[in-house]
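To keep things clear, I will list the structure first and then write my remarks on it.
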Amino acid sequence: MAVGAVVDASINAYTQYQDTGHINWGEVGEHAVQGALIAGAPFVALAATPVVMSETGNSLSLAGANTNSTGLFNAGQSLNNVSSNVAAFLNSPISLPDSALVCRGGTCLASQFAGGTGVTVEADGTMSGVSVSSASNKTIENLSSPYLNNQVGVTTAGQIRAAGGQITSSPIGNPYNPYHASIDGLTAQQLEGLFTPTIRNPYITFINMPR
Amino acid sequence: MSEPITNDYLETVRKRCDSSTKGLWIASVEGRDHPLGGETVILRGVSREDDVLRRDEDDLYLIGGTVADYDFISHAKQDIPLLLNEVARLRKLLKKTSD
């Protein structure tokens, strides 16, 4: 039952992200319940045949499922395969197009990047794990909405790559920032150059309490 | 035993606090109080209406500040008046007892 919940919720989360660029966790929860309810019976249809996860365009598909199968003995193993494959898939980097906007809340001065939570600085001054918001087809308003800062810095995924950096979308595991992404391979000065001058956070006049 | 703090000095502390940016100060730490991707900041002029947070002043950032520094400075805005009021209350009580 639990495996079904994980699979259904995970697929829903991924599909939502691909379709809309963000994740409605309430909807994910509903799918988790539905998955738990159906896992006891129809999911045996996935038994006896290897299940392969693949990304096709904007959707996640399960290939190799034999709907005629009634191999109850193998059902548990197959469900485990589905669960681990979904987990591996969701943890894999999601590519961002060069046109994707990238936002970071705050002054975006070089002196502030090194103090970011989870940031590490290499001997050559390049940084890893600089948190930002980015997703395909999202506006500055969308991407700045998780932040309390009055000002935000904005650039694009393409400009980050052109400067020699990498950007990786990683919304899973960051439920409070569905647009979370990480930048690696740029110095604090390079980051300041990309994200400044900052603009007023368009989302800031009235905001929900953070916790 | 150290010398008592003079009333003049306490008044100076109160004026210093009153002269700082008005309203509630709250530290919002990246990954603790707001999502990853926004710099740690002290929000000033904060008020709460129903379940909505309102801001009337610009943000305050520290260069080289630790999380503890952010928490200390933001709390000081609220803590100092509380402490001054407590000193005044105790001095009044002491005076009444000694009279």
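The values are calculated or read from the model by the stated rules, or taken from the named source; none is laboratory data. Note that this is a predicted model, so its numbers are computed, not measured. Note: ideal-geometry Cβ built from the backbone for every residue, glycine included; neighbour counts use all protein chains shown.
Below is a table of values for the structure above.
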item	result
Among residues of the range A:118-155, those that are touching a helix residue (DSSP H, G or I) at 6+ places or on another chain (Cβ under 9 Å), over 17 Å from A:Asn201 (Cα atoms) and β-branched (Val, Ile, Thr), counted	4
Filter result for the condition that a residue is within 11 Å of chain B (Cβ to nearest Cβ), over 18 Å from the mean Cα position of the chain (by Cα) and of a type in the set (D, E, K, R), over A:Arg200, A:Arg161	A:Arg200
Filter result (buried (at least 21 other Cβ atoms within 10 Å of the Cβ), in a loop (DSSP other than H, G, I, E, B) and among the aliphatic types (A, V, I, L, M)) within the range A:96-112	A:Leu96, A:Ala100
Of all residues making up the range B:41-62, the number that are in a strand (DSSP E or B), modelled with pLDDT of 90 or more and more than 7 Å from chain A (Cβ to nearest Cβ)	3
Residue within the range A:113-121 that is touching a His at 6+ places or on another chain (Cβ under 7 Å) and either basic (Lys, Arg) or surrounded by 15 or more Cβ atoms within 10 Å (Cβ to Cβ) (or both) present	no
Of all residues making up the range A:138-148, the number that are touching a Leu at 6+ places or on another chain (Cβ under 9 Å) and either within 14 Å of A:Gly105 (Cα to Cα) or not basic (Lys, Arg) (or both)	6
Candidates B:Gly38, B:Gly31, filtered to the one that is at pLDDT 90 or above and out of contact with any Leu (no Cβ under 9 Å at 6 or more places or on another chain)	B:Gly31
Selection within the range B:7-29 - closer than 11 Å to B:Leu84 by Cβ and aliphatic (A, V, I, L, M)	B:Leu10, B:Val13
Failed item, numbered, when A:Asn142 is tested on (1) buried (at least 16 other Cβ atoms within 10 Å of the Cβ); (2) within 28 Å of B:Gly64 (Cβ to Cβ); (3) within 14 Å of chain B (Cβ to nearest Cβ)	(2)
Output for the range A:173-197, where each listed residue is within 13 Å of another protein chain (Cβ to nearest Cβ) and either hydrophobic (A, V, I, L, M, F, W, C) or more than 26 Å from B:Arg55 (Cβ to Cβ) (or both)	A:Gly173, A:Ala181, A:Ser182, A:Ile183, A:Ala188, A:Leu191, A:Phe195
Criterion: among the hydrophobic types (A, V, I, L, M, F, W, C), surrounded by 15 or more Cβ atoms within 10 Å (Cβ to Cβ) and under 30 Å from A:Pro178 (Cα atoms) - qualifying residue of B:Ile42, B:Ile63, B:Ile73, B:Ile80	B:Ile42
Condition check for B:Leu36: within 17 Å of A:Gln112 (Cβ to Cβ), within 10 Å of another protein chain (Cβ to nearest Cβ) and in a strand (DSSP E or B)	no
Residue within the range A:155-173 that is touching a strand residue (DSSP E or B) at 6+ places or on another chain (Cβ under 6 Å), within 28 Å of B:Val46 (Cα to Cα) and either surrounded by fewer than 19 Cβ atoms within 10 Å (Cβ to Cβ) or touching a residue at least 24 places away in the same chain (Cβ under 8 Å) (or both) present	no
